[in-house]
Amino acid sequence: MSACDCSSHCGPSDLMPLEEALDLLLSHARKVDESEQVPIDDALGRVLAETVTSRITMPPWDNSAMDGYAVNTTDLRQAGVRMPVSQRIPAGVSGTPLLAGTAARIFTGAPIPAGADAVVMQEACEQAGDHVTINRLPVIGANIRRAGEDTREGDEILPAGIRIEPQHMGLLASVGVARVSVYRRLRVALFSSGDELVMPGRPLGPGQIYNSNEFMLDGLLRTTGCEVIRLGIVEDTLEATCTALLKAAEQADLVIASGGVSVGEEDHIKPAVERLGSLDLWKIAIRPGKPLAFGHVGSVPFIGTPGNPVSLFVTFCLFARPFILKAQGVMESLAPRAVSVKIDFDWPRPDKRREFARARMELDDQGKPRISVHRSRSSGVLSSLAWANGLAVLPENKPLVRGDSVKFLPFSELLR
Ligand code: AMP
Ligand code: MG
């Protein structure tokens with residue numbers, strides 16, 4: 001690649017601040033219009049297109065939180081009262097009104113019979129034959145789960161624009177919703193530029209390396225819930241790049257390419273996208289991953305990421321991911337939740353660009369988090385990403401010492 005990826009000969013004035021680039025990029029993200037009804041079983045990871053309102057109250061009636069005996073507290077003047085067991089109410093059965101002076105054997109989840117105002121747990125009772133001795137006096141309402149304590153009919157239980165997680169699937173099922181309306185998945189086509197690339201499983205020839213970006217990008221894309229269309233390796237010629245771009249744009253809502261985004265003779269993304277649409281090449285004030293291309297092939301948005309694997313990973317997480325989430329209708333905050341963590345290293349020579357360092361968070365003996373950074377800052381060292389469990393945000397132009405706090409972006413946030 002020929003455009004520089006160094007810190008020595010690009011003045012900071014050429015560089016675009018991250019926030020500006022992200023705002024600009026997101027201003028081009030159009031939400032998919034179409035939605036579809038899917039069974040809740042298939043809704044995991046999909047984006048809810050409509051707010052869901054509960055049609056029932058949950059629980060529908062007061063019910064027992066324990067296996068025990070339902071009583072009326074006015075029948076119990078002191079502990080040790082012995083009373084007849086007048087009925088048995090397992091879960092799934094509605095009992096009859098409680099007869100005065102009696103207890104009802106009751107089980108967790110069973111409706112509280114009319115006339116009862118407390119449940120005494122079975123461990124505090126002794127049943128002998130058809131009588132029970134209540135050894136502990138309950139307060140009114142003890143061990144009763146109230147009708148509607150979870151949701152009420154007409155409540156908005158899930159807002160449009162959230163990504164459905166397992167607990168949402170459970171909540172939907174709990175109020176009897178079997179199908180939900182979700183946005184259709186964004187279709188994202190990807191290809192990798194580079195004459196040096198070979199697919200894993202084949203032998204490497206002289207000068208060749210394996211195409212790792214395609215697999216990492218595929219995985220990164222799948223974490224966003226989009227549909228991935230893989231177009232493979234594209235040779236470093238203008239014609240091949242134009243052909244790949246056209247093929248990608250025909251099928252997809254977004255095209256992502258890795259490699260070839262710089263401005264050397266072997267980098268054809270820029271002229272190819274310009275021939276078919278328009279392109280801006282942004283030099284963003286971050287390290288790694290300075291060059292990012294954004295444009296359109298016809299009317300289809302295009303993101304060109306650096307070929308260096310670590311730069312690709314970082315630019316994907318910081319730019320492509322929020323773009324895709326927004327286009328898929330996500331209305332929650334698109335910014336990953338960074339946590340503030342103390343560093344376990346000195347950082348005397350900061351870059352003039354904000355650095356997203358491959359970092360590993362561990363807990364010290366007191367259970368306090370600390371982060372260390374990988375010894376390699378090279379954007380080609382993919383093993384460093386596998387070592388890391390997040391990215392440490394090291395501020396531009398600010399030396400740090402051990403014990404200072406920085407923002408840390410756990411991969412669990414970036415890749416969810
Ligand atoms: P480029 O952005 O095309 O100049 O590539 C920058 C560096 O990333 C070069 O060392 C390429 O060999 C490497 N690279 C480009 N594409 C891939 C890929 N798909 N998988 C692994 N490495 C790549
Ligand atoms: Mg290349």
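Laboratory data are not the source of any read-out in this text; all were calculated from the coordinates shown. Remember, predicted model here, so these are calculated numbers, not experimental data. Cβ atoms come from the backbone with ideal geometry, glycine included; neighbour counts cover every protein chain shown.
In this structure, the residue pairs whose Cα-Cα separation is over 21 Å, taken from 247/270; 326/398; 270/326, are 326/398; 270/326.
For a protection proxy built on the mean count of beta-carbon atoms within 10 angstrom, sort 255-264, 66-75, 178-187 highest first, please.
Numbers: 255-264: 23.8, 66-75: 21.3, 178-187: 18.9.
Packing proxy ranking, top to bottom: 255-264, 66-75, 178-187.
Taking the centroid of alpha carbons for each part, segment 349-408 and segment 239-318 are 28 Å apart.
Shape analysis of segment 63-145 places it in the rounded category; the axes a ≥ b ≥ c from the Cα gyration tensor give an a/c below 1.5.
With the contact rule set at Cα under 8 Å and sequence spacing of 6 or more, what percent relative contact order holds for segment 339-414?
Values: 155 pairs, mean separation 34.4, N = 76.
Reported as a whole number, the value is 45 percent.
Identify the GluC sites (Glu not before Pro) of segment 252-290 meeting these criteria: DSSP loop state and at most 10 other C-beta atoms within 10 Å of the C-beta. Mind dumping the intermediate values first?
On the way: sites: 265, 266, 274; in loops: 265, 266.
Counting only loop positions with at most 10 other Cβ atoms within 10 Å, the GluC sites (Glu not before Pro) in segment 252-290 are 265.
Inter-label distance, residue 24 to residue 212: 3.0 nm, where each label sits 7 Å from its Cα along the C-beta direction. The C-alpha radius of gyration of segment 41-200, expressed as a fraction of 2.2 N^0.38 Å, stands at 1.64. Packing around the peptides 101-108, 160-167, 90-97, taken as the average count of other Cβ atoms within 10 Å per residue, puts them in this order, highest first: 101-108, 160-167, 90-97.
So how far, in whole Å, is the C-alpha centre of segment 153-198 from the one of segment 43-119? Segment 153-198 and segment 43-119 have Cα centres spaced 36 Å from each other.
Can you pull out the trypsin sites (Lys or Arg not before Pro) in segment 322-413 whose DSSP state is coil and whose Cβ has at most 16 other Cβ atoms within 10 Å? Walk me through the intermediate numbers first.
Working: sites: 326, 337, 342, 352, 353, 354, 358, 360, 370, 375, 377, 402, 407; in loops: 337, 352, 353, 375, 377, 402.
Of the trypsin sites (Lys or Arg not before Pro), the ones in loops of segment 322-413 whose Cβ has at most 16 other Cβ atoms within 10 Å are 337, 352, 375, 377, 402.
What does the helix-only formula give at 222 nm for the chain: each DSSP H stretch with n ≥ 4 adding -39500 (n - 2.57), the total divided by the residues, and the result rounded to the nearest 500 deg cm²/dmol? Don't skip to the end; give the middle numbers.
Details: 9 runs with 75 residues, N = 416.
Roughly -5000 deg cm²/dmol at 222 nm, from the helical runs in the chain.
Return the percentage of antiparallel bridges among DSSP beta bridges fully within the chain, rounded to the nearest 5 %. The antiparallel proportion sits near 70 percent. Run the numbers for residue 99 and residue 128: contour at 0.36 nm per residue of separation, minus the present Cα-Cα distance, in nm. Answer, rounded to one decimal: 8.5 nm. Proximity of backbone amide H atoms, modeled 1.01 Å from N, is registered between residue 179 and 40 at under 5 Å, excluding neighbours fewer than 5 places apart on the same chain.
With a cap of 14 neighbouring Cβ atoms within 10 Å, and only residues DSSP puts in a loop, list the GluC sites (Glu not before Pro) found in segment 115-219.
Numbers: sites: 123, 126, 149, 153, 156, 196, 214; in loops: 149, 153, 196.
Those satisfying the criteria are 149, 153.
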